[in-house]
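**Student:** This structure is in structure tokens; I'll ask about it shortly.
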Amino acid sequence: MPATTLADAPVLALTVQPPWSHWLATGIKNIENRTWAPPGNWRGKLVIHAGKTLDRHGFWFAARLGHRIGEDEVNRGEYLAVADLADVHRAGSDCPPACTPWGMPGCFHWVLAHVRRLITVEGHGRQKLFIPPTDVLEQVLTG
């Protein structure tokens, strides 16, 4: 039976600007920072979609942590990976050590686990959470 709301969906997608999407898809970055929490305390399989617009600050930030990559080495406009959304909490003094160094103050920290690369699929992203295209869903559910 198909999900009737996003909070009922077992698989959702999130568009993330490159290079942040690259770090998430490779498992190097396990925290995604958002100013909002998923609807209905949603947990499930989260597909990472690389947006088309680069966040140049991300290249500088990751390079400071020893993760250098060039602008021509990141995917754009593609579905890259799937992970389990394991936890979501507000940034604060009680953050677990896993939030360092990627977690930002004033955000919700979305904690990702069990990241798995997908065969990349070109496609448009969206703002907020959304149900991924059928070909991406098939990879997630059969992989």
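**Student:** With a 1.4 Å probe and all protein chains kept in place, how do Ile28, Ile48, Ile119, Ile69 rank by accessible area, largest first?
**Tutor:** Largest accessible area first, the list is Ile119, Ile28, Ile69, Ile48.
**Student:** (i) 26, 19, 15; (ii) 23, 20, 12; (iii) 30, 17, 12: which one is semi-axes √(5λ) of the Cα gyration tensor in Å as calculated from this entry?
**Tutor:** The value computed from this structure is option (ii).
**Student:** Add +1 for every Lys or Arg and -1 for every Asp or Glu among the other residues with Cβ under 14 Å from the Cβ of Val82, and state the total.
**Tutor:** For residues surrounding Val82, the net value is -1.
**Student:** Using only alpha carbon pairs under 8 Å that are at least six residues apart, calculate the relative contact order of the range 1-134 and give it in whole percent.
**Tutor:** Here the relative contact order equals 35 percent.
**Student:** Given a 10 angstrom Cα cut-off, can you work out which residue in Leu129, Leu65, Leu85 is the most mobile in a GNM of the chain?
**Tutor:** So, out of Leu129, Leu65, Leu85, the one fluctuating most is Leu65.
**Student:** Then there is this: Normalised by the number of residues in the range 62-114, what is the relative contact order in percent for Cα pairs under 8 Å and 6+ residues apart?
**Tutor:** 38
**Student:** Right, another one. In Å², and per residue, what accessible area does the chain have when probed at 1.4 Å with the other protein chains present?
**Tutor:** Per residue, the chain has an accessible area of 53 Å².
**Student:** Continuing with this model, one more query. Could you tell me what % of all Cα pairs in the range 24-74 have separations over 17 Å?
**Tutor:** The share of Cα pairs beyond 17 Å in the range 24-74 comes to 46 percent.
**Student:** Report the calculated FRET efficiency for Thr35 and Asp8 (r = Cβ-Cβ distance, R0 = 25 Å), to the nearest 0.05.
**Tutor:** It comes out at approximately 0.60.
**Student:** On the protein heavy atoms, probe 1.4 angstrom, tell me the percent of accessible surface of the range 21-143 carried by carbon and sulfur.
**Tutor:** With neighbouring chains kept in place, the figure for the range 21-143 is 51 percent.
**Student:** Isolated Cys in the chain by the 4.7 Å beta carbon test?
**Tutor:** If one checks each Cβ against the other cysteines of the chain, Cys107 turn up with nothing under 4.7 Å.
**Student:** Compare Thr15, Thr26, Thr100 in a GNM of the chain, Cα atoms joined below 10 Å, and give the one with the largest fluctuation.
**Tutor:** Thr100
**Student:** Something else: Could you rank Arg116, Arg90, Arg76 by how accessible they are, 1.4 Å probe, largest area first?
**Tutor:** Output order, biggest surface exposure first: Arg90, Arg76, Arg116.
**Student:** What value, in deg cm²/dmol to 500, does the helix sum -39500 (n - 2.57) over DSSP H runs of n ≥ 4 give at 222 nm once divided by the residues of the chain?
**Tutor:** After summing the helix terms and dividing by residue count, I get -4500 deg cm²/dmol.
**Student:** With N set to the residue count of the range 97-143, report its C-alpha Rg divided by 2.2 N^0.38 Å to two decimal places. Don't skip to the answer; put the middle values down first.
**Tutor:** Details: Rg = 14.2 Å, N = 47, 2.2 N^0.38 = 9.5 Å.
Relative to the rule-of-thumb radius for its length, the range 97-143 sits at 1.49.
**Student:** Each label point is 7 Å from the Cα along the Cα-to-Cβ direction; what then is the distance between the points at Asp94 and Leu54, in nm?
**Tutor:** The two pseudo-label positions are separated by 4.1 nm.
The values are calculated or read from the model by the stated rules, or taken from the named source; none is laboratory data. Quick caveat, the model's predicted, so the values are computed rather than measured. Quick reminder, even Gly has a Cβ in these numbers, built from the backbone with ideal geometry, and neighbours come from all protein chains shown. Protein only, heavy atoms only, side chains kept; ligands, DNA and RNA dropped before computing areas. Shrake-Rupley method; radii C 1.70, N 1.55, O 1.52, S 1.80 Å.
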